[in-house]
Amino acid sequence: MNGKRSNIFAIFWGMAALLYFFVPLYGTFDFSLRMERGVLGFKAYELVFADPRFWQGFRYSFTMAIITIVISVSIFVPTVYWMYLKIPKARPIMDVITILPFIIPGIVLVFGLIRTFSRPPFQLTLRSWTTDILMVAGYIIISMPYMFRAIDVGMRSIDVRTLTEAAQSLGSSWFEVLKDIIIPNLRLAILGGALISFATVMGELILADFLVRPALGPYMVRIGLTKAYEPAALAIISYAMTWFSLGLLQFFSGRSERQKQFVIEE
Amino acid sequence: MIHLELTHIHKTFGTSVAVDDFNLTVEQGEFISFLGPSGCGKTTTLRMIAGFELPTSGTIKLNDNDLTFISPNKRNVGMVFQSYALFPNMTVAQNVGYGMRIAKKQKSEIASRVTDMLSLIHMEKFTARYPYQLSGGQQQRVALARALAISPEILLLDEPLSALDAKIRFELRQEIRRIQQQLGITTIYVTHDQEEALSLSDRIVVMSQGKIEQIGNPFEIYNFPKTRFVANFVGSLNTAEVEVIDPQKGMLDMNGAQLETAGGLEGKSKGDKVMIAIRPERFNFVSEEKKENVLEGTVENITFLGSVVRVQMSIGGSSFNMDTFNRPSLILPKIGEPAQVTCSQKAVLVLTD
């Protein structure tokens, strides 16, 4: 009896949560389709996709996201691997450090970067490509909590120390252990971190706005100030990109799980 | 010919001593087991041979070459781990051939060696399987083949059967010995299981608290334990403190019961207290003609263990176990009844420490 009642409550609250999330989303989507009076259509989407500034922002943010992912993976995979192998007791410290971007507001990070790197000896904000370096550095910090945690979870799922020792006893150098054993076994974790970092960078506003770079975030805000339907379309496009990333993640992790269910008994 | 030599190996972790003055020489093709309880330093010693730990002092030589500070990937030492440690992203064939791929061998040579190794462990049909598609026993066989594929100078096995069930453990134990003898490879085997050590080894190194207690072949270790620790750890044992009555004749007194021992009282005087040990299977119920080492006691408990029946008796205030083979004609005293048991002089071992 109690079980039935708690099931009803669970369904009720589940439905309430879904409605709370989907009703505004549906409202935005519905609104984005009503650009032409009396007709439901994709006019707002057509205008967004026809705007060269959208594509400029998309290309810029996409490029920044890829560079951020490559550098983040190159930094975090060896660092977390080394931590697991040599200083496992440092994990709680790393946990705190990597969560700092959630605690320190983005605006503080931007002003810190600008004040430090816009004056001699660095003066990185003088040229666009050096500002981009600053952008990537900022993006790496912002996406650090996601990337670290994804790799950390991946490392926890394998016996890093024993696999390393097994590979070493077969003649592998450190580099070969990382390349042949650790990274292939972290593929899913790296993919997870990369996709979440991708979604974060694609929607990031503050860093790009204050460093005056043509990213997708500032473009969306500017459109929002002057237009009515296109921002709604952009919001849906942005959701679609995030969900596509999560869908990919779900697909790959699901495939990996399905493979593992095929176990042969002796 | 000495193949592996460990000289005055000492290892500390902070203030705790893990291995203390460990000395051992291993002949080419010998099967040595490190036997001891958890924390006795056996795995640490093995890891120092593999190069995963550096000794605080002492030297490790393989074929007279000093290995002490050589990195693990340059030692040509094959290792099998308790948790199998197969690479999850590689198939069985890729796992077995990995060491040779790292050594940059020709593809044809790798393929041929992988086939040989899989045939050695009777797993030729499993080449394309991934580790998660294999049972524990199969995974450990593959791990063994992988370690042997690089033709190592020495094979190290760190409790390789601990994670397996009893039946597979028994089968794999025989297979390990067969392969070791077939290849003639020098092998160091770490275990806390005395049965494994006794059944596999040419020699056993019994360790306790970082120190070697005794080195000997299985027969010596079981029948002539030198210390109380070895006697207690290897096989089950009855121990009791006794008083020396006549050191020349080997006469002892155990709370009024007279015992004789065949030796081990050198340097002892009348009235000295010594510790003796008697294996449960060395006792017999007294037959009429038996006169030496007759002990009287009361039967406290009788336990059937399948092929063996264990009778627990109270003798001279101490509790003694006595094992006898189970057979249909076996006549046993009842619980609470008095009984007489006997053992030979050689069965009474005087422990040194």
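The values are calculated or read from the model by the stated rules, or taken from the named source; none is laboratory data. Please read all numbers here as calculations on a predicted model, not as lab measurements. Positions of Cβ are backbone-derived with ideal geometry, glycine not excepted, and every protein chain shown enters the neighbour counts.
I'd like to check something: does the stretch A:140-155 contain any residue that is free of Cβ contacts under 8 Å to residues at least 40 places away in the same chain, within 14 Å of chain B (Cβ to nearest Cβ) and within 19 Å of A:D95 (Cα to Cα)? Yes, the stretch A:140-155 has at least one match.
Does B:N65 satisfy being modelled with pLDDT under 95 and either out of contact with any helix residue (DSSP H, G or I) (no Cβ under 7 Å at 6 or more places or on another chain) or surrounded by 15 or more Cβ atoms within 10 Å (Cβ to Cβ) (or both)? Answer is yes for this residue. Restricting attention to the stretch B:131-141, the residues that are touching a residue at least 40 places away in the same chain (Cβ under 8 Å) and either more than 12 Å from chain A (Cβ to nearest Cβ) or crowded, with 21+ Cβ neighbours inside 10 Å (or both) total 3. Going through (1) within 14 Å of chain B (Cβ to nearest Cβ); (2) out of contact with any helix residue (DSSP H, G or I) (no Cβ under 7 Å at 6 or more places or on another chain); (3) not in a helix (DSSP H, G or I) one by one, A:R119 falls short only on (1). Restricting attention to the stretch B:88-125, the residues that are more than 9 Å from every other protein chain (Cβ to nearest Cβ) and either in a loop (DSSP other than H, G, I, E, B) or of a type outside the set (D, E) (or both) add up to 26. Scanning the stretch A:150-161 for residues that are assigned to a helix (DSSP H, G or I) and surrounded by fewer than 19 Cβ atoms within 10 Å (Cβ to Cβ), which turns out farthest from the chain's Cα centre (by Cα)? Restricting to residues being assigned to a helix (DSSP H, G or I) and surrounded by fewer than 19 Cβ atoms within 10 Å (Cβ to Cβ), the top hit is A:R161.
Of all residues being more than 20 Å from the chain's Cα centre (by Cα) and at pLDDT 90 or above in the stretch A:232-266, which is farthest from the other protein chains (Cβ to nearest Cβ)? Just the residue, please. Filtering the stretch A:232-266 for residues that are more than 20 Å from the chain's Cα centre (by Cα) and at pLDDT 90 or above, the one farthest from the other protein chains (Cβ to nearest Cβ) comes out as A:A232.
Report yes if B:S83 is hydroxyl-bearing (S, T, Y) and more than 25 Å from B:T191 (Cα to Cα), otherwise no. Criteria not met by B:S83.
Selection within the stretch B:45-87: residues that are under 21 Å from B:P160 (Cα atoms), outside any strand (DSSP E or B) and among the aliphatic types (A, V, I, L, M). The member of this set that is farthest from the other protein chains (Cβ to nearest Cβ) is B:M48. Hey, does the stretch B:321-343 have a residue that's more than 16 Å from B:P280 (Cα to Cα), among the small types (G, A, S) and touching a residue at least 60 places away in the same chain (Cβ under 8 Å)? So far as the stretch B:321-343 goes, no, none of its residues is more than 16 Å from B:P280 (Cα to Cα), among the small types (G, A, S) and touching a residue at least 60 places away in the same chain (Cβ under 8 Å).
All of A:T98, A:T79 fail the test of being within 30 Å of A:F175 (Cα to Cα), in contact with a Pro (Cβ under 9 Å, 6 or more places away or on another chain) and among the hydroxyl-bearing types (S, T, Y), apart from A:T98.
Just to be sure I understand, how many residues within the stretch B:211-243 are in contact with a Gly (Cβ under 7 Å, 6 or more places away or on another chain) and part of a strand (DSSP E or B)? Of the residues in the stretch B:211-243, 1 are in contact with a Gly (Cβ under 7 Å, 6 or more places away or on another chain) and part of a strand (DSSP E or B). All but one of (1) of a type in the set (V, I, T); (2) out of contact with any Ser or Thr (no Cβ under 9 Å at 6 or more places or on another chain); (3) free of Cβ contacts under 8 Å to residues at least 24 places away in the same chain hold for B:I49; which doesn't? Going through the list (1) of a type in the set (V, I, T); (2) out of contact with any Ser or Thr (no Cβ under 9 Å at 6 or more places or on another chain); (3) free of Cβ contacts under 8 Å to residues at least 24 places away in the same chain, B:I49 breaks only (3). For the stretch A:9-20, does any single residue satisfy the condition of being at pLDDT 90 or above, in a helix (DSSP H, G or I) and surrounded by 17 or more Cβ atoms within 10 Å (Cβ to Cβ)? For the stretch A:9-20, residues at pLDDT 90 or above, in a helix (DSSP H, G or I) and surrounded by 17 or more Cβ atoms within 10 Å (Cβ to Cβ): absent.
Rundown of residues vs (1) closer than 12 Å to B:L35 by Cα; (2) in contact (Cβ under 8 Å) with a residue 60 or more places away in the chain; (3) of a type in the set (S, T, N, Q), yes/no style:
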| position | (1), (2), (3) |
| --- | --- |
| B:I215 | yes, yes, no |
| B:T239 | no, yes, yes |
| B:D246 | no, no, no |
| B:G264 | no, yes, no |
| B:G267 | no, no, no |
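Among the conditions (1) part of a helix (DSSP H, G or I); (2) within 9 Å of chain B (Cβ to nearest Cβ); (3) surrounded by 19 or more Cβ atoms within 10 Å (Cβ to Cβ), A:L178 misses just one, which is (2). Inclusion of B:G78 among residues that are over 19 Å from B:A145 (Cα atoms) and in contact with a Leu (Cβ under 9 Å, 6 or more places away or on another chain) is not warranted. Count of the stretch B:148-206 residues, restricted to those that are over 17 Å from the mean Cα position of the chain (by Cα), among the hydrophobic types (A, V, I, L, M, F, W, C) and in a helix (DSSP H, G or I), is 5.
Yes/no matrix, rows are residues, columns are (1) hydroxyl-bearing (S, T, Y); (2) in contact with a Ser or Thr (Cβ under 6 Å, 6 or more places away or on another chain); (3) buried (at least 21 other Cβ atoms within 10 Å of the Cβ):
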site	(1), (2), (3)
A:S118	yes, yes, no
A:P121	no, no, no
A:L124	no, yes, no
A:A137	no, no, no
A:I141	no, no, no
A:S169	yes, no, yes
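Residues in the stretch B:142-170 that are closer than 10 Å to B:V92 by Cα and within 10 Å of chain A (Cβ to nearest Cβ): B:A143, B:R146.
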